[in-house]
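The values are calculated or read from the model by the stated rules, or taken from the named source; none is laboratory data. Please read all numbers here as calculations on a predicted model, not as lab measurements. Please note: Cβ atoms are built from the backbone with ideal geometry, for glycine as well, and neighbour counts cover all protein chains shown.
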Amino acid sequence: MLRSIIIKKRWKILDSIGKGAFGELFSAYDMKTQNTVAIKVEGPLLKNKRKRALLAMEISVLRKMQSSDYVCRFEACGRITIQSSTSSTTYDYMVMQLLGPSLSKLRRKCKKFSLATTALLGKQMLNAIKDCHTIGGVIHRDIKPGNFCIDNTNSYNGRARCYIIDFGLCRPYISSSGEIKEARRSVGFRGTAAYASINAHDGKDLGRVDDLWSLFYVLVEFMTGDLPWKGREKEQVAIYKKQMTNSYLVANLPSPFNDMLHYLKTLKFEDEPDYDLLESMLDEMFRISGKSYDVPYDWELPRPVGESVNTESSYNSNDNQLIGYDNEGNAKYYDNRQQVGVPSPSTQNALLTPPYSPIYSNGCVSPYNKKMMSSPNVITTSPSVIPTSPIEHKNCTKALLINQNHDINHKPVNGDVKIPATATLTKFLNEDSTKNVKVDGQKPASNSPNQQHSNTRFLKFLIPN
């Protein structure tokens, strides 16, 4: 309907390039400058004042942040009325700089990013978030790859620059007197479930640290290709994040990820983050990559015919062979030789293990351990997996159960866990993948397949303290 409409005798709307809950984004031709721009249109004019406030907030923040190197150029805003033969419709609009693809689109193109690209993008994203907090005086509250775009016409140290966009969910955190506002008790969920902080899931007021938690999840996704809770409902995502210690996410990532994780855990709602410290972690991340600063982004690399961009880094060439850690915390890798009796993956009767947490069968570790991507890996619970004799355990206490649909239906428990043989298959998830997991139990009393379902399996899923 809006295609070819000319706004204020200057901007001719061309094509739709994106849609949101409250409006649509178009490319447009600026007849004055002869440049292509972006126009965000909200409407038909929303009667809901709260929804109308989203574009007003975005305009306010974008105008305020024009001194930042990480926001697009603001051009104009206003209201237009489109007349038809029978009626008229009113729209709010904002004209701004047209950017390139989002990091979400680029990451999907590459599947995952190398350490160098992750560090280079992470540093710009951190600075963009810092500018939101310091120049804009707002919490963004929706940090995700889709809200960062690349622009090839403006450089960052000689390369395409990363911009932060979409300020509709922003909220000022500084009062008129210049003080940090007190946290509200309950505000409801804000953001995108996959990247939201636990505070957001709990409906708490969000502070600067919550934007940084979202950045942390984004960086982990860049490196791994997916987060463990991908595709889950918001409520399930919250349970995953709460039950799964965050060290699980960084178990096989370079040390700066763990440093960032532990630092974020120290911050409270009202705390001012040490952005310089976080930037130094990203600098260290880039140093570990071993690349020079003129290295292309992953999506800029030449692509062989029929192949996707190779985003592997030398540090993680053994991602899929890590089988656990020794008593001193040193990683143990599987040498890729053929093993006898290694259980095969199965979608039925499966025991789920987190990445790098070895399963012991008769005291021997199974080498079938791969990194969890869209869903965790599985190992069949055949008698070869469930030991027939006791295993010596260290001081172990916690266990966590997840059913076939990945729904967490038990809280962490102590001691024996009774699993009816009729259960298809109960799955287990370790809280901390840096610790070895052992399974203890007994085979069903009867060897007859028809009688197995009347028995109960006694399993002990253990995490050493």
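Listed here are the residues, each with its yes/no results for (1) out of contact with any helix residue (DSSP H, G or I) (no Cβ under 6 Å at 6 or more places or on another chain); (2) modelled with pLDDT of 90 or more.
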residue	(1), (2)
HIS140	no, yes
THR153	yes, no
ASN157	yes, no
ARG161	yes, yes
ILE174	yes, yes
GLU179	yes, yes
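Scanning segment 106-137 for residues that are of a type in the set (Val, Ile, Thr) and touching a helix residue (DSSP H, G or I) at 6+ places or on another chain (Cβ under 6 Å) yields THR117, THR118, ILE129.
All conditions but one from (1) touching a helix residue (DSSP H, G or I) at 6+ places or on another chain (Cβ under 9 Å); (2) assigned to a loop (DSSP other than H, G, I, E, B); (3) at pLDDT 95 or above apply to ALA21; the one that does not is (3).
What about CYS149, is it over 23 Å from THR224 (Cα atoms) and crowded, with 18+ Cβ neighbours inside 10 Å?
Details: over 23 Å from THR224 (Cα atoms): no; crowded, with 18+ Cβ neighbours inside 10 Å: yes.
Criteria not met by CYS149.
Among the residues of segment 254-292, what is the count of those that are among the basic types (Lys, Arg) and in a helix (DSSP H, G or I)?
Within segment 254-292, the subset among the basic types (Lys, Arg) is 265, 268, 287, 291.
Then keep just the ones that are in a helix (DSSP H, G or I); that gives 265, 287.
Of the residues in that region, 2 qualify.
Counting the residues of segment 171-195 that are within 26 Å of the chain's Cα centre (by Cα), part of a loop (DSSP other than H, G, I, E, B) and within 12 Å of ILE139 (Cα to Cα) gives 3. Condition first: free of Cβ contacts under 8 Å to residues at least 40 places away in the same chain, out of contact with any Cys (no Cβ under 7 Å at 6 or more places or on another chain) and under 17 Å from ASP166 (Cβ atoms). Can you find one or more residues in segment 77-94 that meet it? Within segment 77-94 (the criterion being free of Cβ contacts under 8 Å to residues at least 40 places away in the same chain, out of contact with any Cys (no Cβ under 7 Å at 6 or more places or on another chain) and under 17 Å from ASP166 (Cβ atoms)), the answer is yes, since at least one residue qualifies. Among the candidates ILE164, ILE135, ILE139, the residue that is under 30 Å from ASN35 (Cβ atoms) and buried (at least 19 other Cβ atoms within 10 Å of the Cβ) is uniquely ILE164.
When segment 240-253 is filtered for residues that are more than 15 Å from the chain's Cα centre (by Cα) and in a helix (DSSP H, G or I), only GLN243 remains.
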